[in-house]
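We did not get these values from a lab; they are worked out from the coordinates using the rules stated. Please read these numbers as outputs of a predicted model, since none were measured by experiment. Counting neighbours? That spans all protein chains shown, and the Cβs are built from the backbone with ideal geometry, glycine included.
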Amino acid sequence: MGLGTIATVGAGPIAACVDEEDLKEDKPKIFTPDYSDDIEDQYPAERNPAFADVPDREVTPEDIAAHYNNFYEFGTDKTKVWENAQTLVTDPWTVKVTGLVHNPITLDLDDIHLKFPLEERMYRHRCVEAWSMVMPWTGFRMRDLLDFVQPMQSAKYVRFVSFFRPSEAVGQRELTNYDWPYYEALTIREAANELTLMGTGIFGHINPTQHGAPIRIHTPWKYGYKSIKSIVTIEFVEEQPETFWHHQWAEAYDFVSNVDPSKPHPNWSQATERDIGTDEEIPTLKYNGYGEWVADLYE
Ligand SMILES: Nc1nc2c(c(=O)[nH]1)N[C@H]1C(S)=C(S)[C@@H](COP(=O)(O)O)O[C@H]1N2
Ligand SMILES: [Mo]
């Protein structure tokens, strides 16, 4: 996993014979993009008491969460994504909200952080690869964006597209068997669900690039790949859209992709998961434990 460096450097007092400065040099760092003071003043946002913590789980240490990422635009080695992602320029940034809406809008970096009320929520995050984390995310409800743009009656799905900038993303240059840019989608009802967050920050500050700066989504009852990072387009459409991973391997990655311990991946069981913070193997929960919020969407 390559987490050895972090654990060594992060753990407790450093032995007297070790040059502390040298160790600091080697330590993976956490960089957050440098946005305006107005934006930075939004952090940390107030935590929503309904999602203040996750019962029976420990918060994943930030050092681990920030250096173990899936973001194929920056390669397939999860321990290198944080470093490779530093080449992505996220200021300026725009998100075009378009398609079947009465009020289309293009959000700039200020709008992303200032237009809708930000809050913090502790969420479980379950990757389809059977590992998980628990992290405090900052963001606004996708529902607030829906209220603003006013989807038309005919809009049934929301489609999200990430950036396409091969010059800034080594994975888009080298992983040529993928259908870039990354794209995902939700039904309108899923997008309007209380849980669905447009994620602008993590651990009380702006998203580091590896977590999807400046804006990504969080749908914590679904596998992590539905939570598309670094979005540039949000489009409201009538027909169910294709998605990046379904296009890649349809039998393994369906449109809905709700966390379900009883439905194995073609290559492994989904009954348990490894918490990458504690390294414990724990049972996977139906809807990742969020059934009370979302089960009615699927009845
Ligand atoms: N654009 C884009 N978004 C993405 C991915 C990706 O490769 N590209 N990977 C997904 C997967 S598989 C997971 S598990 C999460 C990881 O989010 P994190 O690195 O912030 O924990 O991002 C998701 N969003
Ligand atoms: Mo994932």
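Compute the Rg/Rh shape ratio of the chain: radius of gyration over Kirkwood radius, all on alpha-carbon atoms. Kindly include the intermediate steps, with their values, before the conclusion.
Working: Rg = 19.0 Å, Rh = 19.9 Å.
Checking Rg against Rh, the ratio lands at 0.95.
Using θ = phi - 60° and the Karplus form 6.51 cos²θ - 1.76 cosθ + 1.60, what ³J(HN,Hα) does each residue of segment 239-244 get, whole Hz, x for Gly and Pro?
9, 4, x, 5, 10, 4
May I ask which of K115/K286; K115/K229; K29/K222; K156/K263; K78/K226; K222/K263 have a Cα-Cα span longer than 23 Å here? Mind showing how you got there, number by number?
Values: K115/K286 34 Å; K115/K229 19 Å; K29/K222 29 Å; K156/K263 26 Å; K78/K226 17 Å; K222/K263 13 Å.
Violating the 23 Å limit, Cα to Cα: K115/K286; K29/K222; K156/K263.
Based on the Cβ-Cβ distance from N267 to D147, what FRET efficiency comes out when R0 is 45 Å, to the nearest 0.05? Could the numbers behind the result be given before it?
Working: r = 41 Å, r/R0 = 0.91.
FRET efficiency, N267 to D147: 0.65.
Given the options E251, E46, E120, state which has the largest fluctuation in a GNM of the chain using a 10 Å cut-off (strictly under) for Cα springs.
In this elastic network of the chain, the residue with the biggest mean-square fluctuation among E251, E46, E120 is E251.
Given an 8 Å cut-off on Cα distances and at least 6 residues of separation, report the relative contact order of the chain as a percent. Let's see the in-between values first.
Numbers: 597 pairs, mean separation 61.4, N = 299.
This gives 21 percent for the chain.
Quick one: 3J(HN,Hα) in Hz for segment 262-279, Karplus 6.51/-1.76/1.60 with θ = phi - 60°, rounded, Gly and Pro as x.
Using θ = phi - 60°, the values come out as 8, 10, x, 5, x, 10, 7, 6, 10, 6, 9, 8, 9, 6, 6, x, 9, 6 Hz.
Amide H to amide H, which residues 5 or more places from I215 or on other chains are under 5 Å from it, using H placed in the peptide plane?
Amide H to amide H, under 5 Å and 5 or more residues apart or across chains, I215 pairs with S230, I231.
Residue by residue, what Karplus-based ³J(HN,Hα) values in Hz, rounded to whole numbers, does segment 69-86 have, using 6.51, -1.76 and 1.60 with θ = phi - 60° and x for Gly and Pro?
Here the 3J(HN,Hα) series is 10, 9, 6, 4, 4, 10, x, 9, 8, 4, 7, 10, 4, 4, 6, 4, 6, 5 Hz.
Based solely on C-alpha atoms, express the radius of gyration and the Dmax of segment 153-299 in angstrom.
Rg, Dmax (Cα atoms, Å): 15.9, 47.
Run through segment 161-264 and list the chymotrypsin sites (Phe, Trp or Tyr not before Pro) located in a DSSP loop whose Cβ has at most 11 other Cβ atoms within 10 Å. Don't skip to the answer; put the middle values down first.
Working: sites: F163, F164, Y178, Y182, Y183, F203, W221, Y223, Y225, F236, F244, W245, W249, Y253, F255; in loops: F163, F164, Y178, Y182, F203, W221, Y223, W249, Y253, F255.
Here the chymotrypsin sites (Phe, Trp or Tyr not before Pro) that fit, given the DSSP loop and packing criteria, are W249.
For the chain, what is the mean residue ellipticity at 222 nm derived from helices alone (per DSSP H run of n ≥ 4: -39500 (n - 2.57); sum divided by total residues; nearest 500 deg cm²/dmol)? Working shown, then result.
Numbers: 11 runs with 58 residues, N = 299.
Per the formula, -4000 deg cm²/dmol.
What is the Å³ per residue value for the convex hull set by the Cα atoms of segment 75-204?
Numbers: hull volume 18.1 nm³, N = 130.
Enclosed volume per residue, from the Cα hull, is 139 Å³.
Could you give me the percent of Cα pairs per 10 Å distance bin for segment 212-299, shortest bin first, beginning at zero and ending with the bin that holds the maximum distance?
That works out to 14, 41, 37, 8, 0, in percent per bin.
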